[in-house]
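The values are calculated or read from the model by the stated rules, or taken from the named source; none is laboratory data. Because the structure is a prediction, the values reported are computed rather than measured. All Cβ positions, glycine included, derive from the backbone under ideal geometry; neighbour counts span all protein chains shown.
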Amino acid sequence: MVGGTFDPIHDGHKKLIRRAFAIAGPRGMVTIGLTTDRFAGAKSHPVRPFEERKRALTAFVRESGYEGTWSIEPLDDRPGSAVTADFDALVVSEGTAAGAVEINRLRQQKGLHKVDIHQIACVLADDGKWISSTRILRGEIDGHGRRIS
């Protein structure tokens, strides 16, 4: 499982999704939680509607040619179905690792097994700071972390 707002999809998101498919392998299943409009509304920047983000995310996954099956599900809160679903691993970034620890705590309270947490390093922009949708939408960098003049 992996989750996010994915708007716009940038190199950090691509690394996160690529890692999820690598862990799942060709016979595995990747569930991508995509924040709903209500949940994404808490962002400090405007976010495209859920259906637009889902189309862009679907196109990215299909174009990437990942092996294995996958699905995109609405994410109404931080843990989403990760506290109840039967799965083996969460893929998170440095910025969301604490949420994965909390998911495992909630799973344990429900009598479910802990899942493996795979943390990726955030992708750095040319200026050495993390690539983020906020920075892209502010016009600081593009989706690859290059400065915009």
message = All but one of (1) closer than 24 Å to residue 53 by Cα; (2) under 17 Å from the mean Cα position of the chain (by Cα); (3) free of Cβ contacts under 8 Å to residues at least 40 places away in the same chain hold for residue 103; state the number of the condition that does not hold.
response = (1)
query = So is residue 44 more than 15 Å from residue 6 (Cβ to Cβ), in a helix (DSSP H, G or I), under 18 Å from the mean Cα position of the chain (by Cα) and polar (S, T, N, Q) or not?
reply = no
message = Give me the residue from the range 1-52 that is charged (D, E, K, R) and in contact with a strand residue (DSSP E or B) (Cβ under 8 Å, 6 or more places away or on another chain) and, out of that set, surrounded by the fewest Cβ atoms within 10 Å (Cβ to Cβ).
response = 15
ask   = Considering the range 1-18 alone, what residues qualify as being assigned to a helix (DSSP H, G or I), among the β-branched types (Val, Ile, Thr) and within 21 Å of residue 83 (Cβ to Cβ)?
value = none
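Condition check ((1) modelled with pLDDT of 95 or more; (2) aliphatic (A, V, I, L, M)) across all residues:
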position: 2; (1), (2): yes, yes
position: 6; (1), (2): yes, no
position: 22; (1), (2): yes, yes
position: 68; (1), (2): no, no
query = So which residues in the range 70-111 are within 21 Å of residue 15 (Cα to Cα), crowded, with 16+ Cβ neighbours inside 10 Å and among the β-branched types (Val, Ile, Thr), if there are any at all?
reply = 72, 91, 92, 96
remark   = A careful count of residues in the range 58-86 that are aliphatic (A, V, I, L, M), in a helix (DSSP H, G or I) and under 24 Å from residue 102 (Cβ atoms) gives 2
ask   = Given (1) touching a Cys at 6+ places or on another chain (Cβ under 9 Å); (2) at pLDDT 95 or above, where does residue 95 come up short, assuming only one miss?
value = (2)
